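K.L.:
Next up is a structure, given as structure tokens.
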Amino acid sequence: MSRAIYDIAIVGGGIAGCAAAIALAGGGRSAVMLAPPQDERDRFGEFLSPAANELLHKLGLAEAFRAGPHRPANATYTAWGSGSLVERNALMHVEGPGHVLDRPAFERLLRDAAERSGIAVLPKALDGAVHDGTMWSMQLVDGPEIAARFVLDCSGRTAVVARRYAVHRREDRLVAAGAFLRQRTDEVEPTPATLIEAVPEGWWYASLLPDRRLALVLFGDSDTLPRGLAHDTTAWRECVEATQYVRQWLDSAGFDSDVQPRLAGAATTWLDPVAGPGWAAAGDAAAAFNPLSSHGLTTALWGGRRAALAAVAALDGDAEPLESYAATVRRAVQDFLGQRQATYAREGRWPALPFWRRRHSR
Ligand SMILES: Cc1cc2nc3c(=O)[nH]c(=O)nc-3n(C[C@H](O)[C@H](O)[C@H](O)COP(=O)(O)OP(=O)(O)OC[C@H]3O[C@@H](n4cnc5c(N)ncnc54)[C@H](O)[C@@H]3O)c2cc1C
């Protein structure tokens, strides 16, 4: 049986993959997006930085995005470097406000637009891909083999294709343990805010979602968090109890922390390089930033779009946009590593404890 041949194959139907698909719309190149079905669980990551507003505009999604149900993120409180709580107010940000997302709704918005873009969407995962110098042969899980001239790897942290063509670098072993909390009663109107609190074993992130649930995440290294945290509600409750401001917020708004947390990898990792002949990686596949930056979603939107446009240029014989894309990501990684170090250096209360000692000694 003859196999389908595409100019561009996008691996992954997440944020970067959908942004790439939308950017290819009407560009005259045949393309396919491999987008295996997602499980229905809530996903971590709901703060969309102000820089995303311009990208959503470029993708033609600004108006649909404004229709909601996301909420402007105006107030962030931090207890970092001292025991005092400091408010960072973002009401007057030049790029407009950041947003706290209804993440499933945001992903649906992108996916619907990707499907309308006219490219083929296959609900299949990639099993393996081989490049013969001009063409990729791609085997799908429980599916046919397809071929493509260019592969955009948007498969998230696994970087299923690009990882074999670049060096995979890792700065730390950050993991996240998190849960989505409901109020016990709806008598109290919870504060629409985000809170970051540093603690001896790492730091907490709490943010009120548009549906009034609280996203609550503890970030630490795998060996600084209590063992078996994902199966131990008591240990989770004890971690919450040991905080100052997170606990106060939960108590005052009546959030129920008696839930089982879930673990997720949150390390800072990147590929070197992020593009080569016939391929490019975008989003977390290219560089997964520590969520302290709150830039992963925006970078995925930016990278998916930029890498897709660079792929089209490369197929037209112009390699410069691809080189420029790779150089920009490399610079962004270096900038991020510098900011990351400066941010961790501002918290000096526990210099002898492993989580902080590791970050101060870089
Ligand atoms: C705990 C936590 C909190 C975070 N909080 C924030 C935040 O507040 N703000 C922010 O901006 N960022 C945050 N991030 C980061 C953000 O979630 C990511 O940067 C973003 O989701 C990256 O998008 P992506 O499209 O590159 O990858 P993903 O969203 O991971 O999408 C990858 C896609 O590839 C698909 N895929 C995987 N393997 C295959 C395969 N073999 N074949 C085909 N498809 C495949 C997957 O199904 C998935 O759909 C957070 C991350 C973590 C871990």
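K.L.:
Quick check on packing: order 352-360, 41-49 by the mean number of other C-beta atoms within 10 Å, highest mean leading.
P.N.:
41-49, 352-360
K.L.:
Next question, about the same structure. With r defined as the distance between the Cβ atoms of ASP316 and THR134 and R0 fixed at 25 Å, what FRET efficiency is calculated, to the nearest 0.05?
P.N.:
Details: r = 15 Å, r/R0 = 0.61.
The computed FRET efficiency comes out at 0.95.
K.L.:
Compute the distribution of all C-alpha to C-alpha distances in region 174-265, in bins of 5 Å from 0, and list the percent of pairs in each, rounded to whole numbers.
P.N.:
3, 15, 28, 27, 17, 8, 3, 0
K.L.:
Using a 1.4 angstrom probe on heavy atoms only, work out the carbon and sulfur share of the accessible area of the chain in %.
P.N.:
Details: 8330 of 16500 Å².
Roughly 51 percent of what the probe reaches on the chain is carbon or sulfur.
K.L.:
Could you give the length gained on full extension between GLN244 and VAL259, defined as 0.36 nm per residue of separation minus the Cα-Cα distance, in nm?
P.N.:
Numbers: separation 15, 0.36 × 15 = 5.40 nm, distance 1.94 nm.
So the chain would gain 3.5 nm between GLN244 and VAL259.
K.L.:
In addition: How much length is gained on full extension from GLN38 to GLN339, taking 0.36 nm per residue of separation minus their Cα-Cα distance?
P.N.:
That works out to 105.1 nm of additional length.
K.L.:
Round to the nearest 10 and give me the degree value, 0 to 90, for the angle of helix 103-116's Cα axis relative to the longest principal axis of the chain.
P.N.:
Roughly 10 degrees, rounded to the nearest 10.
K.L.:
Still on this model: With springs connecting C-alpha atoms under 10 Å apart, model the chain as a Gaussian network and identify which of ALA327, ALA280, ALA148 has the largest mean-square fluctuation.
P.N.:
In the Gaussian network model the winner is ALA327.
K.L.:
Let me ask another. Work out from phi, with θ = phi - 60° and the Karplus expression 6.51 cos²θ - 1.76 cosθ + 1.60, the ³J(HN,Hα) of each residue of region 238-254, listed in order in whole Hz, and give x for Gly and Pro.
P.N.:
Once rounded to whole Hz, the list reads 5, 4, 4, 4, 7, 7, 9, 7, 4, 4, 4, 5, 4, 5, 5, 9, x.
K.L.:
Please give the net charge around GLY143, taking every other residue with its beta carbon less than 14 angstrom from that of GLY143, where Lys and Arg add +1 and Asp and Glu add -1. Could the numbers behind the result be given before it?
P.N.:
Values: positive: ARG3, LYS124; negative: ASP127, ASP142, GLU145.
Charge balance near GLY143 sits at -1.
K.L.:
Amide H neighbours of VAL259 under 5 Å, counting only residues 5+ apart in sequence or on other chains, H built in-plane at 1.01 Å?
P.N.:
Placed amide hydrogens put nothing under 5 Å from VAL259.
K.L.:
Could you calculate, for the chain, the ratio of the Cα radius of gyration to the Kirkwood radius, expressed as Rg to Rh?
P.N.:
Details: Rg = 21.1 Å, Rh = 21.4 Å.
Over the Cα atoms of the chain, Rg/Rh equals 0.98.
K.L.:
Report the calculated FRET efficiency for LEU353 and ARG108 (r = Cβ-Cβ distance, R0 = 45 Å), to the nearest 0.05. Could you put the intermediate results ahead of the total?
P.N.:
Values: r = 41 Å, r/R0 = 0.92.
Once rounded, the FRET efficiency stands at 0.60.
K.L.:
Return one number: the angle in degrees, 0 to 90 and rounded to the nearest 10, between the long axis of the Cα atoms of helix 296-315 and the longest principal axis of the Cα atoms of the chain.
P.N.:
Approximately 10 degrees, to the nearest ten.
K.L.:
Kirkwood hydrodynamic radius of region 1-116 from all distinct Cα pairs, in Å?
P.N.:
On the way: mean 1/r = 0.0610 Å⁻¹.
Kirkwood radius, region 1-116: 16.4 Å.
K.L.:
Right, something else. Within the set of other residues whose C-beta is less than 12 Å from the C-beta of SER30, count the net charge using Lys and Arg as +1 and Asp and Glu as -1. Display every interim value, and only then the final one.
P.N.:
Numbers: positive: ARG29, ARG149; negative: ASP7.
Net charge in that neighbourhood comes out at +1.
K.L.:
Pull up all non-local amide H partners of TRP279: gap of 5 or more, or a different chain, and H-to-H distance under 5 Å with H placed in the peptide plane.
P.N.:
VAL151
K.L.:
What FRET efficiency, computed as 1/(1 + (r/R0)^6) with R0 = 30 Å and r the Cβ-Cβ distance, is obtained for HIS360 and THR234, rounded to the nearest 0.05? Walk me through the numbers on the way to the answer.
P.N.:
On the way: r = 31 Å, r/R0 = 1.04.
Here the calculated transfer efficiency is 0.45.
K.L.:
Using each residue's phi in region 263-270, evaluate 6.51 cos²θ - 1.76 cosθ + 1.60 at θ = phi - 60° and report the 3J(HN,Hα) Karplus result to the nearest Hz, with x for Gly and Pro.
P.N.:
For region 263-270, the Karplus-derived couplings read 9, 8, x, 9, 5, 7, 9, 7 Hz, x marking Gly and Pro.
The values are calculated or read from the model by the stated rules, or taken from the named source; none is laboratory data. Please read all numbers here as calculations on a predicted model, not as lab measurements. So basically every Cβ, Gly included, is an ideal-geometry build from the backbone, and we count neighbours across all protein chains shown. Note: accessible area is taken over every heavy atom of the protein model, side chains too, but ligands, DNA and RNA are not part of it. Shrake-Rupley method; radii C 1.70, N 1.55, O 1.52, S 1.80 Å.
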